[in-house]
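The values are calculated or read from the model by the stated rules, or taken from the named source; none is laboratory data. Here the structure is a predicted model, which means the values were calculated and not measured. Cβ coordinates were reconstructed from backbone atoms using ideal geometry, including for glycine residues, and neighbour counts include every protein chain displayed. The protein model used for the area step is the full one, side chains on, heavy atoms only, and it has no ligands, DNA or RNA in it. Shrake-Rupley method; radii C 1.70, N 1.55, O 1.52, S 1.80 Å.
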Amino acid sequence: MLIVMKPDATEADIRRVLDAIQTLGLKGHPMPGAQRTAIGITGNQGAVDPSPFADLPGVAECVRVSKPYKLVTRDLRPDKTVIRFRDTGAEIGGREFAVIAGVCAVESREQTRSTAQAVAEAGCRFFRGGAFKPRTSPYAFQGLAEEGLKILAEVREEFGLKIVTEATDEPALDLVEKYADVIQIGARNMQNFSLLRRAGRARKPVLLKRGMASTVEEFLLAAEYIMAEGNYDVILCERGVRTFANHTRFTLDLSLVPEVRRISHLPVIVDPSHSTGTREKVIPLARAGAAVGADGLLVDVHPYPERALCDGPQALLFDMFREMMGEVRAIAEIVRR
Ligand code: PEP
Ligand code: MN
């Protein structure tokens, strides 16, 4: 159930409703908006009886939720969620088109530093780099683990970039939470429910990538797992799904962006790198991501991709990356006005 408060409801009114929810052994999730606050209720197995809340001061209405998800929906929060990093002014989901760019995997300090410099000089505020890599083959490079996280932390200090990095399991998440600004959950883990719950207890925003065979509903329910634990800062990322098409690594499903927009208040970004798998397709699909109304992009860049230990063929060279930035900025400027 969803409890919609009146526009003039006070903090005390909201507190009283939350206490009443807690008394029933349930969890209340207040979502303040521009017009009013709504409170989502989770923890119930069946329907919640509205009568304990309906006549409390400040309550406008109690709404039954018929959809499988509650906290991700625009019913709860009509305004878009904007994830803000107050110290640098960076944000995801706001006016600015947020490009998260960097290496697929942190391979060395030199490789990471030179890429971060190029990313910062192009005006990006976010840097990506994997220290824990989910690899198809057990013999492939698995990442530098904590040593890689330390390199990422150095890069944050030097260039003022916010760090986005993946946690592949719960012990990795414990470490990633310490070093990163945004915790990435990869496509292969989109339905790792214990990992999602752990991410929901983290106090950092979570970038959740769509599973390669997941429907929009499954994707949103994965986000719901994180939010149900009390972490409302979730960014969704479309990274391509498996289809019969074999001219690209995955098929980038750009129609997910307006569909998520219709249902959810969460920011949604597009990954033209992991979806296509080849460099020459990255810029055209990055442009398409900006044009379809995404809140940003996730892009692989590498100083010498021919020697990359992971995903070299899709990594943009620095000059291509600069070209892409100019193009997507111009498109996003028109779309986001
Ligand atoms: C990545 O972003 O580094 C990655 C492994 O992507 P995905 O989980 O989408 O395959
Ligand atoms: Mn990669």
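Here are a few things to note about the model shown:
- Being assigned to a helix (DSSP H, G or I), more than 30 Å from the chain's Cα centre (by Cα) and over 28 Å from residue 262 (Cα atoms) is a condition met by at least one residue of the range 21-36.
- Near pairs, Cβ below 6 angstrom, 6+ apart or cross-chain, from the range 319-332 (surrounded by fewer than 16 Cβ atoms within 10 Å (Cβ to Cβ)) to any residue that is assigned to a helix (DSSP H, G or I): 327/287
Yes/no matrix, rows are residues, columns are (1) closer than 28 Å to residue 165 by Cα; (2) without any contact (Cβ under 8 Å) to a residue 40 or more places away in the chain; (3) open to solvent by 10 Å² or more (accessible area, probe 1.4 Å):
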position: 13; (1), (2), (3): no, no, yes
position: 23; (1), (2), (3): no, yes, yes
position: 30; (1), (2), (3): no, yes, yes
position: 45; (1), (2), (3): no, yes, yes
position: 56; (1), (2), (3): no, no, yes
position: 71; (1), (2), (3): yes, no, no
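- Going through (1) polar (S, T, N, Q); (2) away from ligand 1 (no atom under 15 Å from the Cβ); (3) in contact with a strand residue (DSSP E or B) (Cβ under 8 Å, 6 or more places away or on another chain); (4) closer than 23 Å to residue 333 by Cβ one by one, residue 231 falls short only on (4).
- Counted residues, the range 306-318 - those being assigned to a helix (DSSP H, G or I) and either open to solvent by 10 Å² or more (accessible area, probe 1.4 Å) or of a type in the set (Gly, Ala, Ser) (or both): 5
- When each of 158, 146 is tested for being more than 16 Å from ligand 2 (Cβ to nearest atom), among the acidic types (Asp, Glu) and within 25 Å of residue 329 (Cα to Cα), the lone residue that passes is 158.
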